[in-house]
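Trainee: Take a look at this one; I'll ask things after.
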Amino acid sequence: MNLCSVDMVQTVSRHLDRIQPPVLIITDEAHHSAAETYRRIYRAFPSAFLLGFTATPCRLNNGGLGDVYEDLITSVSTKWLIEHYYLSPYKYYSMKLVNTSGLHVRAGEFRADEVAALMQRKEIYGKTVEQWERLAKNKKTIVYCASVESAEETAAQFRRCGYAAASLDGKTPPELRRDIMDRFRSGEIRILCNCELFGEGLDVPDCECTVLLRPTQSLTLFIQQSMRSMRYMPGKTALIIDHVGNCYLHGLPDDSREWTLEPKHRQENIVKIRECPECFAVYPPSLDECPYCGFKAVHEIQRKDKKIVDVDLVEVRRQEDIRNIPYQALSPQTWEDVIEIQRARNYKIQWAVRYAAAHGIPIPKKYSYMRVVIGV
């Protein structure tokens, strides 16, 4: 009698009639549990208790897993894992090389053919190498591409610039894949480009850098890919180079997130930032100068409607300053600045109206009634 068996989902789903009914089904990477292949197994053994493990408890299209599981138990946060040396700290650099606003969405994700066409441009390949040389030269790197063709061309561009690079995809013959992976692990190959691979299950602790060339609406896919370079090694600081602005949609890898089994309804999230051309730091737009180096010639960037090719990537930093610095020191000058502070600190809208009135900042007409109510 077998007390336990470990099998691939694809194998189990094809041989359900040969399997002794289990008491417990444990699913790794449980964010896949809503897929039909997994559901076929669960339906075949309705009396079995289901237990799933995942770092990203939501479907790839950002929906909840409540129609599979009854309860969600969360563990430690990504911040905790970094602070306790289970993951490496990181630096995140981003600037969009392409404008994804015209892409259509199918099943909660950008259409693959449109993404591939968008990323199939020579200036993108050249800028990818140029920015990698500036930020991560000679570091062991995984590049996530939008198509097989772009993975091959990106690797070819690296090779033309004198760097050992290779590409892999789902159709790469197993023997060749093993050979390339062995050479990547040994360091003979420094840059490994891929399409739809290495989101899960790849453990290369000395990989120091990931490059994102695939825009995605999936939070799960973003976290799985962006954090691939964060496997812990003493003294390592991982680099994440995001050429497609995924962070402006999903936040940073160690942001605090409220996980739930309920379906999620995406809300548009416009992230305003200021970039410092002197030290490449990123900080809230309410500050008139860079808090890191004091440089004053700054400008705002919005996530929407930007098509930028010939620019340097800038380091993305969390906008915690706006919550931690006294708002008097932030010196908001416009209603938008006041609202940004109000939202970041979860103040009531009355605070914004009162502050703006006291400092002579014009208040939108729709809040005129509130001025009367609170007497300002």
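Trainee: Just want the ordering: His243, His32, from fewest to most Cβ atoms lying within 10 Å of their own Cβ. Walk me through the numbers on the way to the answer.
Mentor: Values: His243 25, His32 18.
Ordered from fewest to most neighbouring Cβ atoms within 10 Å, His243, His32 come out as His32, His243.
Trainee: Which of the pairs Lys79/Lys127; Lys91/Lys296; Lys91/Lys137 have their Cα atoms more than 20 Å apart in this structure?
Mentor: Numbers: Lys79/Lys127 31 Å; Lys91/Lys296 23 Å; Lys91/Lys137 15 Å.
From Lys79/Lys127; Lys91/Lys296; Lys91/Lys137, over 20 Å: Lys79/Lys127; Lys91/Lys296.
Trainee: Here's another thing I want to ask about it. What are the residues whose amide H is under 5 Å from the amide H of Tyr90, where those residues sit 5 or more places off or on another chain and H is modelled from the backbone?
Mentor: Amide H neighbours of Tyr90: Ala238.
All of the numbers you see were taken from the coordinates with simple rules; none came from a lab. Because the structure is a prediction, the values reported are computed rather than measured. With ideal geometry, Cβ positions are generated from the backbone for all residues, glycine too; neighbour counts draw on all protein chains shown.
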